[in-house]
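Read through the structure below, which is laid out as structure tokens, and then see the notes.
What follows is calculated from the coordinates using simple rules that are stated; it is not laboratory data. Quick caveat, the model's predicted, so the values are computed rather than measured. Using ideal geometry, Cβ is built from the backbone for each residue, glycine included, and neighbour counts are taken over all protein chains shown.
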Amino acid sequence: MYTLLIDNGHGSDTPGKRSPLLEDGRSRLFEWKFTRRVAQRIVELAPQYDIKPVILVPEDEDISLSTRATRANSYIRSNPGEKCVLISIHGNAFGKDSEVWMNARGWEAWTTVGKTNSDKLAECLYNAARKFFPSDTKFRTDKSEGDQDKEKDFTVLKKAACPAVLTENFFFNNIEDCRYMLSYMGIDAIARAHLAGTVYYFTM
């Protein structure tokens, strides 16, 4: 069995991070609720993939990035025999104004700068995502180093003591992506892609 440390991004007190109102004038996506829905679905599905899921942020409120990394590393130190990876789950938005429907859409994964085992994990997640997401999904990549992931030294990824990837799971200020992110089908597919990508990483 392999361990997936789940960093469900943001919290109920994070400013912004929400979609425009949908057509009914009432419904909208909140990123913190979305990431927790994905995390919970991962937990529900994990036994099918022989994965041990560990949610790093059970709270609704936001937890600092350093604390998230500390929780991950504390778990790793306390369970030295377990093979762990960390995935930080997010929804994307284009531009500063999330109150406007934008044209940007799609899925992407980020690792830290430079070549590490996180690049391998990200590649496995891209491969899994291509299996589970709709055929018209736009995969946002940077192939300048021969792989698909984008790179930036996000705090949680940089401080994690195991391979770590941040996923941006569609754009909540694109109406088509937002509807998918709010649907059971979308949540289920995103959760399965994360689980399958983790399995690919450990078994390839």
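Applying both filters, DSSP loop and at most 15 other Cβ atoms within 10 Å, to the GluC sites (Glu not before Pro) of the range 127-204 gives Glu145.
Straight Cα distances below 15 angstrom link Lys83 to the aspartates and glutamates Asp50, with same-chain residues fewer than 8 positions distant left out. Cβ crowding within 10 Å, taken as a proxy for footprinting-reagent exposure, orders Lys159, Lys115 from fewest neighbours to most as Lys115, Lys159. Each of Met204, Met181, Met102 was scored by other Cβ atoms within 10 Å of its Cβ. Arranged with the fewest first, they read Met204, Met102, Met181. For Glu23 paired with Glu61, estimate the spin-label separation in nm (one decimal), with each label point 7 Å from Cα along the Cα-to-Cβ line. So the two model labels end up 3.9 nm from each other.
Could you work out the local net charge near Thr14, counting Lys and Arg as +1, Asp and Glu as -1, over the other residues with Cβ closer than 10 Å to its Cβ? If you can, show how the numbers build up before the last one.
On the way: positive: Lys17, Arg18; negative: Asp13, Glu31, Glu61, Asp62.
Net charge in that neighbourhood comes out at -2.
The charge dipole of the chain, taken about its Cα centre with unit charges on the Cβ atoms of Lys, Arg (+1), Asp and Glu (-1) only, comes to about 280 debye. Bridgeable lysines around Lys138 (alpha carbons under 23 Å apart, same-chain partners fewer than 8 residues away excluded): Lys17, Lys96, Lys120, Lys150, Lys152.
Counting only DSSP beta bridges with both residues in the chain, tell me the antiparallel percent, nearest 5.
Details: 5 of 25 bridges.
Here the share of antiparallel DSSP bridges comes out near 20 percent.
Taking other Cβ atoms within 10 Å as a rough exposure proxy, Ile175, Ile87 sort from fewest to most as Ile175, Ile87. Loop-resident trypsin sites (Lys or Arg not before Pro) (DSSP state other than H, G, I, E or B) in the range 1-102 with no more than 12 further Cβ atoms inside 10 Å of their Cβ: Arg26, Lys96. If you find the alpha carbon centre of the range 1-24 and of the range 107-133, how far apart are they in angstrom? Answer, in whole Å: 19.
For the range 1-110, the list of GluC sites (Glu not before Pro) that fall in a loop by DSSP and count at most 16 other C-beta atoms within 10 angstrom reads Glu23, Glu59, Glu61, Glu82, Glu99.
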